[in-house]
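The values are calculated or read from the model by the stated rules, or taken from the named source; none is laboratory data. If you're wondering where the values come from, they're calculated on a predicted model, not measured in any experiment. Positions of Cβ are generated from backbone atoms using ideal geometry, with glycine treated the same way; all protein chains shown enter the neighbour counts. What goes into the accessible areas is simple: the full protein's heavy atoms, side chains included, and nothing from ligands, DNA or RNA. Shrake-Rupley method; radii C 1.70, N 1.55, O 1.52, S 1.80 Å.
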Amino acid sequence: MAAERERGGRERSREREERDSEFVDKLVHINRVAKVVKGGKRFGFAALVVIGDQKGRVGFGHGKAREVPEAIRKATDSAKRNLTRVALREGRTLHHDIAGRHGAGRVYLRAAPAGTGIIAGGPMRAVFETLGIQDVVAKSIGSSNPYNMVRATFNALKNQDSPRSVAARRSIKVSTLQARRVGGDAEAAAD
């Protein structure tokens with residue numbers, strides 16, 4: 001009985017490790033804060049981590065602790081709980097240009113042709129790499145605070161529409177929507 005229980009626990013931990021191994025995590029920022037007390041200074045650490053599966057799921061988390069590894073672990077656990085799915089075009093770029101904001105941080109994300117690469121600053125680059133985007137041009141306007149930049153990027157990604165969601169909202173087929181898009185470009189070029 002005890003052997004079965006032990007084996008079941010090992011299998012569950014192995015399944016958890018396999019599930020965790022599919023994710024790529026990037027440490028975006030560590031902030032050290034000092035609290036002055038009677039005996040001197042007490043240091044604490046805050047970590048910002050972005051995690052994703054490089055196939056369209058991404059999340060970010062924030063963790064605080066007295067030691068750096070513990071803060072990173074807490075931030076990673078928080079990121080795993082807050083995963084969101086983002087629709088990608090051809091699995092490599094965005095469907096359309098989007099703007100996002102959080103506080104004083106504003107970001108502008110543009111879809112890019114194949115071969116462009118990730119043109120973005122530090123915190124936004126971490127989000128795109130863990131998300132699995134290969135071609136994007138991004139610009140940060142306003143606050144360069146990593147927390148605001150990451151949250152503004154997530155705000156922009158949540159506001160993105162895929163052709164499938166637009167077609168569902170309009171109650172038409174995706175192929176009809178795509179045909180209209182191609183036809184609309186041809187009409188604009190003729191004028």
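For region 65-72, backbone phi angles converted through the Karplus equation (6.51, -1.76, 1.60; θ = phi - 60°) give residue-by-residue couplings of 6, 7, 10, 4, x, 5, 5, 5 Hz, Gly and Pro being listed as x.
All other residues whose Cβ lies under 11 angstrom from that of G59 are scored, Lys and Arg at +1 and Asp and Glu at -1, for a net of +1. Residues whose amide H lies under 5 Å from that of H95, counting only those 5 or more places away or on a different chain, are R89; hydrogens are built 1.01 Å from N in the peptide plane.
The calculated FRET efficiency for A114 paired with N31, based on their beta-carbon distance and R0 = 25 Å, is about 0.10. Here the simple spin-label model places points 7 Å from the Cα toward Cβ, and for S175 and L83 these points are separated by 3.3 nm.
Subtracting the Cα-Cα distance of V24 and K41 from 0.36 nm times their residue separation leaves 2.7 nm of extension gain.
Proximity of backbone amide H atoms, modeled 1.01 Å from N, is registered between V24 and G52, D53, Q54 at under 5 Å, excluding neighbours fewer than 5 places apart on the same chain. Solvent-accessible surface of protein heavy atoms, probed at 1.4 angstrom with all chains present, puts Y147, Y108 in the order Y108, Y147, largest first.
Here the Karplus relation 6.51 cos²θ - 1.76 cosθ + 1.60, evaluated at θ = phi - 60°, turns the backbone of region 168-173 into coupling constants of 5, 5, 8, 6, 10, 7 Hz, with x for every Gly and Pro. Backbone phi angles across region 140-147, fed through the Karplus curve with coefficients 6.51, -1.76 and 1.60 (θ = phi - 60°), yield HN-Hα couplings of 9, 10, x, 4, 9, 4, x, 5 Hz in residue order; Gly and Pro are listed as x. Under a Cβ-Cβ cut-off of 9 Å, what is the net charge of the residues other than A114 that fall near it, where Lys and Arg count +1 and Asp and Glu count -1? Within the 9 Å Cβ shell, the charges total -1. For region 40-191, the Cα-based Rg and Dmax, in that order, read 18.3, 74 Å. Under a 5 Å amide H cut-off, with hydrogens placed 1.01 Å from N, I141 pairs with R106, V107, Y108 among residues at least 5 apart or on other chains. Excluding D135 itself, what net charge comes from residues whose Cβ is under 14 Å from its Cβ, given Lys and Arg +1 and Asp and Glu -1? Combined, the nearby Lys, Arg, Asp and Glu give +1.
Heavy-atom accessible area for F60, with the other protein chains in place and a 1.4 Å probe, reaches approximately 50 Å². For L83, L177, the ranking by accessible surface with the largest value first comes to L83, L177, using a 1.4 Å probe.
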